[in-house]
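Let me begin by presenting the structure, written as structure tokens, before commenting on it.
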Amino acid sequence: MMPAHTTLLRLVSLVVLTAFLSGCAQLQGLFDPEAESTEDEVVATDEAPSDPIAREEQDERLKIAEIVQLLQGGEMDRARSALDRILADDPGNPAARGLREQLSGDPQATLGEAYFVHTVEPGDSLGGLAREHLGDATRFVILARYNDIERPDRLLVGQRLRIPRDAAGPQRGETDLDEQLMALDPDAAPGVSEDGLRRAIEADLAAGRYGAALEVVELAREHPEAQNEWASWLDPLARDATIGYWHRRGVEARAAGATEEALEAFGRVLEQDPQHATARQHLDELEQQRKEALHAEAIVRYRNQDLETAIALWDEALAIDPGFEAARGYRLRALELQRRLNALDRENGRS
């Protein structure tokens with residue numbers, strides 16, 4: 001008879017050997033697709049299919065926003081193939097064409113050799129920098145290639161980036177706003193991300209694109225949270241965009257000699273910010289010029305005995321500046337002359 005400890009040892013060895021052989025069978029199933037398996041259940045996964053054919057079929061269904069996510073993650077080959085399939089069916093698709101050109105074009109030739117250095121700060125993204133400096137957030141692709149960055153969604157605080165000074169290529173507006181927002185915030189659905197909308201407005205304001213900023217403001221206003229949680233940041237940004245837009249309109253109108261349009265524009269600025277110094281200065285100077293022009297025209301009318309028109313022009317000048325003494329004095333003379341002429345007409349009528 002075997003000793004008790006020997007029997008126990010053989011039992012333990014048998015258990016270990018059985019477990020080992022069972023494990024080998026499972027490993028064989030992993031390494032040998034043809035091996036039989038006792039497992040009928042397949043565990044579902046969200047990862048992309050490992051089969052190249054299955055992945056290609058999946059990529060055929062990708063939308064631009066999903067391709068942007070691939071590009072953000074550095075999956076340039078998959079994105080390129082998906083874009084080629086879109087363009088095969090729709091050669092004129094501007095978003096697909098623009099992204100595809102960024103993948104194939106020479107970054108230096110497209111964006112130019114001249115650049116300045118930007119140090120990455122907290123909250124920076126290539127999409128935001130592209131929208132601010134290149135006018136379109138989806139141009140993060142070529143900006144990444146310009147800086148030899150393989151994963152556009154991975155920037156490090158303190159990292160130094162080359163930002164082109166005079167970038168050529170598509171201008172803002174050629175890419176759908178939702179796609180630009182996706183480029184700014186690839187983890188959110190297009191057009192509904194608070195972070196994407198906010199960063200888009202901030203980037204447009206920083207670049208002086210006030211009209212574009214107002215477009216994004218209007219989009220944000222449509223969101224259910226716009227009047228509640230978002231109001232604390234959306235209202236100030238909307239105000240800044242409105243002020244910037246009308247101030248620029250006023251400057252442009254004044255330079256073009258469109259005084260009335262300039263006066264209206266600067267007036268709108270002051271409605272938003274009564275303390276806006278430059279708008280106030282422009283408005284004061286324009287009003288001074290306007291009242292002087294009215295006064296000069298009124299004098300011409302007065303000398304041509306068109307007293308009614310002259311008096312109306314002096315009324316306008318005095319509405320701008322009630323203390324305009326020259327206009328007030330001439331207006332009194334015109335009224336007196338008008339009174340005398342009317343009296344003579346009445347006397348001649350009686351005779």
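The values are calculated or read from the model by the stated rules, or taken from the named source; none is laboratory data. Bear in mind the structure is a predicted one, so any value in this text is a computation, not a measurement. Cβ: placed from backbone, ideal geometry, glycine included. Neighbour counts: every protein chain shown. In case anyone asks, the SASA skips ligands and DNA or RNA and just uses the protein heavy atoms, side chains included. Shrake-Rupley method; radii C 1.70, N 1.55, O 1.52, S 1.80 Å.
Q159 to N93: FRET efficiency via 1/(1 + (r/R0)^6), r the Cβ-Cβ distance, R0 45 Å, to the nearest 0.05?
After rounding to 0.05, the efficiency reads 0.85.
With a 10 Å radius around each residue's Cβ, average the other Cβ atoms per peptide and rank 124-136, 264-276, highest first.
Peptide ranking by packing, descending: 124-136, 264-276.
Can you classify the range 197-289 as rounded, prolate or oblate using the Cα gyration tensor, where a ≥ b ≥ c are the square roots of its eigenvalues, rounded means a/c under 1.5, and otherwise it's prolate if a/b beats b/c and oblate if not?
prolate
Taking the Cβ of L83 as the centre, find all other residues whose Cβ is under 9 Å away and add up their charges (Lys, Arg: +1; Asp, Glu: -1).
On the way: positive: R80, R85, R97, R100; negative: D84.
Within the 9 Å Cβ shell, the charges total +3.
Taking every pair of Cα atoms in the range 86-129, average 1/r, invert it to obtain the Kirkwood radius, and report Rg/Rh to two decimals. Numbers along the way, then the final one.
Details: Rg = 14.5 Å, Rh = 13.0 Å.
That ratio is 1.12, to two decimals.
Would you compute the Debye intensity of the range 253-344 from its alpha-carbon atoms alone, equal scatterers and no solvent, and pass along log10 I(q)/I(0) at q = 0.11, 0.12, 0.16, 0.25 Å⁻¹ to two decimals?
These q points yield log10 I(q)/I(0) values of -0.39, -0.45, -0.69, -1.15.
Over the range 294-351, with the other protein chains present, what is the accessible area per residue in square angstrom, probe 1.4 angstrom? Provide the component values of the computation, followed by the final result.
Values: 3910 Å² over 58 residues.
On a per-residue basis, 67 Å².
If I take the Cα coordinates of the range 243-287 and project them onto the principal axes, what are the three extents in Å, biggest first?
Over the range 243-287, Cα extents along the principal axes are 25, 20, 13 Å.
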